[in-house]
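Report on one structure; see the data block that follows.
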Amino acid sequence: MIEEALRGEARRVLALCRARGFKIATAESCTGGLLAATLTDIAGSSDVVDCGFVTYSNAAKEAMLGVPAATLKRHGAVSAETASAMAAGALENSQADLSVAITGITGPGGGTKQKPVGLVHFAAARRNGRRIARRRHYGKIGRGRVRKRSVAEALSLIEWLAQV
């Protein structure tokens with residue numbers, strides 16, 4: 001179930017994008033579509049949400065978003081470079097004006113010293129060329145909490161990008 005706080009953030013983002021005439025595309029890995037679900041849980045969101053890509057595997061990132069295999073090999077799926085390529089690919093493969101990408105390690109396993117559980121990379125892109133990226137390390141707070149915090153962060157990036 002989508003928490004009320006996230007629903008409120010999503011309503012605010014949808015209203016802002018609606019007022020500015022922006023469409024959104026999401027590119028999600030570790031959140032598995034939770035961002036798109038949060039946005040589309042709100043009635044009337046279809047005038048703002050263009051599409052969502054759930055690219056959990058590297059092969060899906062390559063095929064659906066055009067993330068270069070070399071980027072994945074050199075930097076890994078959980079990296080600023082991959083998040084940036086995912087955001088760019090979401091714009092290229094949609095009619096959206098804004099895109100946001102999320103890739104990370106929600107746990108409980110899968111972490112390393114260099115890329116610990118709770119590490120998430122974000123990137124957002126706008127057709128006018130503006131870009132923003134963030135890296136967050138939430139720690140071992142549980143899979144569900146990492147996913148929800150990641151959705152909140154992604155919504156804040158969309159909100160920022162829609163205003164600049």
Counted residues, segment 56-100 - those being in contact with a Leu (Cβ under 6 Å, 6 or more places away or on another chain) and among the hydroxyl-bearing types (Ser, Thr, Tyr): 1
Count of segment 1-32 residues which are modelled with pLDDT under 95, assigned to a loop (DSSP other than H, G, I, E, B) and surrounded by 15 or more Cβ atoms within 10 Å (Cβ to Cβ): 1
Qualifying residue in segment 127-150 (condition: modelled with pLDDT under 95, farther than 19 Å from Lys61 by Cβ and polar (S, T, N, Q)): yes
Strands (runs of 3 or more DSSP E) contained in segment 48-164 and holding at least 3 residues crowded, with 18+ Cβ neighbours inside 10 Å: 49-54, 98-104, 119-126
Filter result for Leu35 (under 19 Å from Ile132 (Cα atoms), in a helix (DSSP H, G or I) and touching a strand residue (DSSP E or B) at 6+ places or on another chain (Cβ under 6 Å)): yes
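The values are calculated or read from the model by the stated rules, or taken from the named source; none is laboratory data. Since we're looking at a predicted model, the values are computed, not measured. Here the Cβ is made from the backbone with ideal geometry for all residues, glycine too, and neighbour counts use every protein chain on show.
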